[in-house]
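Since the structure comes first, as structure tokens, the remarks are kept for the end.
The values are calculated or read from the model by the stated rules, or taken from the named source; none is laboratory data. Computed from a predicted model, the values in this text were never measured in an experiment. We place every Cβ from the backbone using ideal geometry, glycine too, and count neighbours over all the protein chains shown. Heads up: the accessible areas ignore ligands, DNA and RNA and are worked out on the full protein's heavy atoms, side chains in. Shrake-Rupley method; radii C 1.70, N 1.55, O 1.52, S 1.80 Å.
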Amino acid sequence: MTITTLFQHILTGISLGGAYALIAIGYTMVYGILRLINFAHGDIFMMAGYFMIFSMATLPWQIAIPLVCILTVALGVAVERAAYKPLRSAPRMSIMISAIGASYLIQNLATYLFTALPKAYPEIPFLKKILHIGSISSSLVTFITPVLTILLVLALMFLIHHTKVGMAMRAVSKDFETAQLMGIKLNNTISYTFVIGSLLAAIGSILYFTDRMSVTPFSGTLPGLKCFIAAVLGGIGNIPGAMVGGFIIGICETFLVAFGYSTFSDAFTFILLIIILLFRPTGLFGEKMTDKV
Amino acid sequence: MAKNNLLRLENLCVSYGGIRAVKGINLTVPEGEIVTLIGANGAGKSTILRTIAGLVKPESGKIYFKDNDITCKAPNLIVEQGITLVPEGRRVFPDLTVLENLKIGGYLRKDNLDADIEWVYTLFPRLKERSWQMAGTLSGGEQQMLAVGRALMSKPKLIMMDEPSLGLAPIIVQDIMNIIKTVNKEGVTILLVEQNANLALKIAHYGYVCETGHISTEGSGAALLEDEAVKAAYLGKARKK
Ligand SMILES: Nc1ncnc2c1ncn2[C@@H]1O[C@H](COP(=O)(O)OP(=O)(O)OP(=O)(O)O)[C@@H](O)[C@H]1O
Ligand SMILES: [Mg+2]
């Protein structure tokens, strides 16, 4: 492998990892605040793909992108309100089952509405522009994705650590009751978490599908699982951890494919999950499991 | 001086899954006073405070604050009214700094918090030194100070405190009691739940004794300190000398 192809693969891997990172953050944030694995998150990401297909059918991309973000956020919050909020004081297992139900509901609804046949993902012209840097050449989206991911994570960290909403989120994630005693509205704060998670999933879906050409109702399942594993790898609940986890999985996957082991690239992610759970269940950057009182 | 009742409980009943923890409590807290509620473990003291704070819904009965019915209101509306609870076991936010804990205490306020943060720091100089420390790394006494300071940040008219002396050394307990008196002198009304009946009755204007969900005795702090039944049950033998 020449140095150029090596860099080419690293770039592709980082780019794929960036999209994974954006989705992984949604898992990690919801887990942080509700101790819930939001199984529907991958399907919300898939729906963002369909939203883009239908928006771009009639609208220019400058309008389609914000519209997709809004629709995805609305869907994410709707899932929270309908499937999780009524179970706020139920045992955690019930909410988990509700999450699995929500995931299947969205998948089946998508199959019913859009059929299971792949639909072509629209091209956003400027993202597809080929760029040459030295001997490396790739479409603009490959260069944009990691940069955008890091900028978004920085903005998110600022929001969480330096704003009132962020402070409320951190308080709610530690102690529902005491947060309420401060006057924090629990449901609003939880909704903000879903807003952020879904918004990042929408952006992630645009970056991811632009490189993949088509969407099916099951397009969210495997990426969803991988991003969940990325979140576990980084230490679930930890936002920079989810980003690093996303990058690691993206890079490893790309290299496995490059070396001709593409059949194993998905299996690899799950082996990684088992290894993490065996040797470091709290992930790379996870704190000790402080279970909620 | 005619006393205005700031808080009034009327025949309050609270159940947990069919089991009654609070069985028809009547209690009033006059404006500007320190009222204490003492009683053994499991008597229902915390349940009463949590019901007032809106965390638990009562089965029946009414809660009035300044003659407004606040029964069943959401916790954030209760805080807005000017009632705050220092919960049992302090419950500071461990991975927020001391300063952030104080700021979050004033979460609903739109005005500038700086003057009140300074005020809390003059009440508890030890918190000022530890402003940037994570609250989880504070000692138990410091955490209690922070929990009280955090409650003060909402500029409450009524502070309810659930066993602030729990697990603290006598010297620190005395500090906390002095702070309660200071805060009260600044015009904040206080409803104090305590196991340490002796200390609580000494600083309280009025006291209630709670036994398995009922009020068994009530009277001025001084009168309860002399009450034979209360002495025997809650003040222990130390009072005999
Ligand atoms: N969440 C709950 N679910 C079920 N029962 C509860 C709950 N909270 C309290 N109880 C019960 O209600 C009764 C009163 O409890 P409460 O905590 O109010 O007592 P307390 O007077 O504050 O006691 P302590 O002095 O030990 O704090 C107890 O019998 C307790 O077991
Ligand atoms: Mg109690």
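Picking from B:Val98, B:Val120, which residue would you name as being among the β-branched types (Val, Ile, Thr), out of contact with any strand residue (DSSP E or B) (no Cβ under 6 Å at 6 or more places or on another chain), within 14 Å of chain A (Cβ to nearest Cβ) and open to solvent by less than 60 Å² (accessible area, probe 1.4 Å)?
On the way: B:Val120 fails: within 14 Å of chain A (Cβ to nearest Cβ).
Within the list B:Val98, B:Val120, the selection yields B:Val98.
Checking each residue in region B:173-183 for being open to solvent by less than 30 Å² (accessible area, probe 1.4 Å) and farther than 13 Å from B:Thr36 by Cα picks out B:Val173, B:Ile176, B:Ile179, B:Val183.
Of the residues making up region B:1-51, those that are assigned to a helix (DSSP H, G or I) and not hydroxyl-bearing (Ser, Thr, Tyr) are B:Lys45, B:Ile48, B:Leu49, B:Arg50.
To keep it simple, each residue is scored yes or no on (1) over 17 Å from A:Ser205 (Cα atoms); (2) open to solvent by less than 40 Å² (accessible area, probe 1.4 Å); (3) in a helix (DSSP H, G or I).
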| residue | (1), (2), (3) |
| --- | --- |
| A:Leu22 | no, yes, yes |
| A:Tyr27 | no, yes, yes |
| A:Ala48 | no, yes, yes |
| A:Met52 | no, yes, yes |
| A:Gln62 | no, no, yes |
| A:Pro66 | no, no, yes |
| A:Glu80 | yes, yes, yes |
| A:Ile97 | yes, no, yes |
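Which ones in region B:82-94 are more than 16 Å from ligand 1 (Cβ to nearest atom), free of Cβ contacts under 8 Å to residues at least 60 places away in the same chain and crowded, with 16+ Cβ neighbours inside 10 Å? Selection gives B:Val92, B:Phe93. Residues being out of contact with any Ser or Thr (no Cβ under 7 Å at 6 or more places or on another chain) and within 16 Å of ligand 2 (Cβ to nearest atom) are entirely absent from region B:68-82.
Determine, yes or no, whether A:Tyr261 is farther than 30 Å from B:Met160 by Cβ and open to solvent by 50 Å² or more (accessible area, probe 1.4 Å). Break it down into steps so the answer makes sense when it comes.
On the way: farther than 30 Å from B:Met160 by Cβ: yes; open to solvent by 50 Å² or more (accessible area, probe 1.4 Å): yes.
So A:Tyr261 fits the description; yes.
Screening B:Asn11 against (1) more than 23 Å from B:Val183 (Cβ to Cβ); (2) within 14 Å of chain A (Cβ to nearest Cβ); (3) away from ligand 1 (no atom under 14 Å from the Cβ) leaves a single unmet condition, (2). Filtered by the rule that a residue be within 8 Å of ligand 1 (Cβ to nearest atom) and either closer than 17 Å to B:Pro156 by Cβ or away from chain A (no Cβ under 14 Å) (or both), region B:35-48 gives B:Gly39, B:Ala40, B:Asn41, B:Gly42, B:Ala43, B:Gly44, B:Lys45, B:Ile48. Selection within region B:140-173: residues that are within 13 Å of chain A (Cβ to nearest Cβ) and within 16 Å of ligand 2 (Cβ to nearest atom). The member of this set that is nearest to B:Leu96 (Cα to Cα) is B:Ala147.
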